[in-house]
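The next block holds one structure in the form of structure tokens; read it before the comments.
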Amino acid sequence: MMGLLGGLLSDAAGAIGEAGRRVRTAKREQANMSPELQQAIERLIQQAEAGDIEAMGRLADAYIEGTQLRYDPDEACRWWTAAAQAGHVNSMYNLGLLYHGDVSKHYFNPELAGYWLSEASIRGDIEAKEVLDRHYKYSNFSQKWKRR
């Protein structure tokens, strides 16, 4: 029982530490922004945290572009995943590219790339279908996406 409690406490401490890191980083970023840009970013973050899937996608884009916010593929992945799971097709496509290795080699995962490109393709994203057809195939035997 103590092992389970210790694990839960450790997980909670890690989450608190991560939240603190994000707050400190956001404050450093805002110190270098114009007041107008600060307000726009704060509004975007509030909208994304409130569940606005368009805002989630735009916030992820800002993190991956690294122009208005720091380049942070982890944050981009987090927000694209949240938006994709909520049905945002462009975020599905972007996750597919992220896991394909086009955005960051750190995230290379052919199975997830195929999955998200397929989801975007099913919902009508033509570019996702082109990337999927060119680079991936689905194995009915293993029931996984594989890179060609």
query = Which residues, counting only those in the stretch 41-63, are within 17 Å of Ala84 (Cβ to Cβ) and either in contact (Cβ under 8 Å) with a residue 40 or more places away in the chain or surrounded by fewer than 14 Cβ atoms within 10 Å (Cβ to Cβ) (or both)?
reply = Glu49, Gly51
request  = Filter the stretch 126-145 down to residues that are open to solvent by less than 90 Å² (accessible area, probe 1.4 Å) and either out of contact with any Gly (no Cβ under 9 Å at 6 or more places or on another chain) or assigned to a helix (DSSP H, G or I) (or both) and give me whichever is farthest from His100 (Cα to Cα).
outcome  = Ser142
ask   = How many residues are closer than 15 Å to Ile41 by Cβ, open to solvent by 20 Å² or more (accessible area, probe 1.4 Å) and in contact (Cβ under 8 Å) with a residue 12 or more places away in the chain when one looks only at the stretch 65-78?
value = 2
query = Name the residues in the stretch 98-124 that are under 21 Å from Asp72 (Cα atoms), of a type in the set (D, E, K, R) and assigned to a helix (DSSP H, G or I), would you?
reply = Lys105
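The values are calculated or read from the model by the stated rules, or taken from the named source; none is laboratory data. All values reported here derive from a predicted model rather than from experimental measurement. Neighbour counts run over all protein chains shown; Cβ positions are idealised from the backbone, glycine included. Protein only, heavy atoms only, side chains kept; ligands, DNA and RNA dropped before computing areas. Shrake-Rupley method; radii C 1.70, N 1.55, O 1.52, S 1.80 Å.
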